[in-house]
1. Where does the charge balance sit around GLY51 when Lys and Arg score +1, Asp and Glu -1, over other residues with C-beta under 14 Å from its C-beta?
2. Just list whichever of LYS6/LYS106; LYS42/LYS121; LYS14/LYS40 have alpha carbons separated by over 21 Å in the model shown.
3. Out of ALA36, ASN64, GLY51, whose Cα points farthest toward the positive end of the dipole of the stretch 3-140 (charges: +1 Lys, Arg; -1 Asp, Glu; placed on Cβ)?
4. Over the stretch 1-118, with every protein chain in place, what whole percent of the accessible area is carbon and sulfur at 1.4 Å, could you tell me?
5. Enter the accessible area per residue of the chain (Å², integer; probe 1.4 Å; all protein chains in place).
6. From largest accessible area down, sort LYS114, LYS81, LYS40, LYS30; use a 1.4 Å probe on the protein chains.
7. In whole Å, what is the distance between the alpha-carbon centres of the stretch 49-74 and the stretch 103-140?
8. Going highest first, how would you order 126-132, 53-59, 102-108 by mean Cβ packing within 10 Å?
Amino acid sequence: MDDSTKDKQEALDKRYIRMASIWAENSYCKRRQVGALIVKDKMIISDGYNGTPSGFENVCEEENNVTKPYVLHAEANAITKIARSNNSSNGATMYVTASPCIECAKLIIQAGIKRVVYSEKYRLEDGVELLKRAGIEVVFISMDNGKLKSEAACASEQ
Ligand SMILES: [Zn+2]
């Protein structure tokens, strides 16, 4: 990749990751909201956020504030949504607002996803390590710039 292609890719990556973070707002989970997009040939072919399976009540946490064991992560929801469609995740890029856990990393590998862009580091990096071992390109993008920009925009509006 030459420099201008690289810059364009980085700009696109930032926009998609911002979209994923907006998508995370759909999550009714209280402890943590995560959003994911799957992009292929510059098209968003799937999306997901963390939540309970279809048909279950929209509550992620037990009374003691522990996440229910059947809550699906954003990545798993995005991948399983493709399984119900005519699309294929093979060769696609996944944008996810948090670093994938090891369970999701396994799904990402098996779904044929070739590139993962994420924006928030998590103390456990075993998912990211597994993706790299599988030869998947993993890119970290800090959302700080996006936040600073939107804060500046708010300040100028006031
Ligand atoms: Zn996960």
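1. 0
2. Among LYS6/LYS106; LYS42/LYS121; LYS14/LYS40, the Cα-Cα distance tops 21 Å for LYS6/LYS106; LYS42/LYS121.
3. ALA36
4. 49
5. Accessible surface, normalised per residue, equals 62 Å².
6. LYS30, LYS114, LYS81, LYS40
7. Comparing the Cα centres of the stretch 49-74 and the stretch 103-140, I get a distance of 23 Å.
8. The most tightly packed comes first, giving 102-108, 126-132, 53-59.
The values are calculated or read from the model by the stated rules, or taken from the named source; none is laboratory data. These numbers were taken from a predicted model, which means no experiment stands behind them. In this analysis, Cβ positions are derived from the backbone assuming ideal geometry, glycine residues included, and neighbour counts consider all displayed protein chains. Each accessible area value is taken on the protein alone, full model and side chains, heavy atoms only, with ligands, DNA and RNA left out. Shrake-Rupley method; radii C 1.70, N 1.55, O 1.52, S 1.80 Å.
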